[in-house]
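Okay, so here's the structure we're looking at.
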Amino acid sequence: MKRAFALTAALLGAAPLTASDRPAFQTAVLAGGCFWGMEAVFEHVKGVREVVSGYAGGSARDARYDRVSSERTGHAEAIRISYDPGQINYDRLLQIYFSAAHDPTQLNRQGPDEGPSYRSAIFPQDPAQTRAAKAWIDRLTKAKAFPRPIVTRIESGSFYPAEAEHQDFMRRNPRHPYILAHDVPKLARLKKLFPAFYRK
């Protein structure tokens, strides 16, 4: 799997940033397993202003950890990323998502966590993001960048912030056993594959 992540990073290459009249900050919503690790990765990416852990793909009524954990609400644990397009663009965020933040070949699970709330899914915020997400999946699939098929879904749905205890979890609990076992390696991969975008 290490080879797959390295190949993916090399394959995607550098997407040039161009000037535009877009808003000062843009939003991306991504799901890839437990939101603790996803949040931790993107909080260390230059150009990212804020990362919020939460739930996407289900109703507001059920957007609570106890209900989402039942695996019957349709939500995915997800993160909402606010980023500066003058420093990093959506393509680069997807590059990091596919090659450092999670394994897009695991169906309804990620590492030790199992169930549809841990699925790999992208929630585009506009048609351009939808096109970009489809293009990345098609490109990686054709290049056989991973030893197994990519199962990442492109979905729609609102995002709901998670409870306060789930926000900035790695920063507040750096020695938590789950963090040490499953999320610290993701940061190491981010730093190795994207040194120019790694923020301490």
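The values are calculated or read from the model by the stated rules, or taken from the named source; none is laboratory data. Values in this document were obtained by computation on a predicted structure and should not be read as measured data. So basically every Cβ, Gly included, is an ideal-geometry build from the backbone, and we count neighbours across all protein chains shown.
Odds and ends about this structure:
- Residue selected from the stretch 40-60 under the condition of a type outside the set (S, T, N, Q) and within 12 Å of Ser158 (Cα to Cα), by the criterion surrounded by the most Cβ atoms within 10 Å (Cβ to Cβ): Tyr55
- Restricted to the stretch 141-173, and to residues there that are under 16 Å from the mean Cα position of the chain (by Cα) and among the hydrophobic types (A, V, I, L, M, F, W, C), the residue that is surrounded by the most Cβ atoms within 10 Å (Cβ to Cβ) is Ala162.
- Pick from the stretch 138-156, criterion free of Cβ contacts under 8 Å to residues at least 12 places away in the same chain and not in a loop (DSSP other than H, G, I, E, B), ranking: farthest from Ser120 (Cα to Cα): Lys142
- Phe159 within 15 Å of Ile79 (Cα to Cα) and in contact (Cβ under 8 Å) with a residue 40 or more places away in the chain: yes
- Just so you know, in the stretch 102-137 the residues that are in a strand (DSSP E or B) and not polar (S, T, N, Q) include one that is surrounded by the fewest Cβ atoms within 10 Å (Cβ to Cβ), and it is Glu114.
- Residue list for the stretch 71-89, filter: crowded, with 21+ Cβ neighbours inside 10 Å and closer than 28 Å to Glu114 by Cα: His75, Ala76, Glu77, Ala78, Ile79, Arg80, Ile81
- Residue check: Arg49 meets all listed conditions (1) over 30 Å from Pro147 (Cα atoms); (2) in contact (Cβ under 8 Å) with a residue 40 or more places away in the chain but one, namely (2).
- Residue within the stretch 192-200 that is of a type in the set (Ser, Thr, Tyr), out of contact with any helix residue (DSSP H, G or I) (no Cβ under 7 Å at 6 or more places or on another chain) and touching a residue at least 24 places away in the same chain (Cβ under 8 Å) present: no
- Flag for Phe98 being assigned to a helix (DSSP H, G or I), without any contact (Cβ under 8 Å) to a residue 60 or more places away in the chain and within 21 Å of Leu193 (Cβ to Cβ): no
- When Ile179 is tested against the conditions (1) closer than 26 Å to Gln26 by Cβ; (2) part of a helix (DSSP H, G or I), the lone failure is (1).
- Any chance Ser82 is in a strand (DSSP E or B), out of contact with any helix residue (DSSP H, G or I) (no Cβ under 6 Å at 6 or more places or on another chain) and modelled with pLDDT of 95 or more: yes
- Odd one out for Arg72, checked against (1) within 19 Å of Glu155 (Cβ to Cβ); (2) touching a residue at least 60 places away in the same chain (Cβ under 8 Å); (3) not aromatic (Phe, Trp, Tyr): (2)
- Qualifying residue in the stretch 14-24 (condition: modelled with pLDDT of 95 or more, surrounded by fewer than 22 Cβ atoms within 10 Å (Cβ to Cβ) and among the basic types (Lys, Arg)): no
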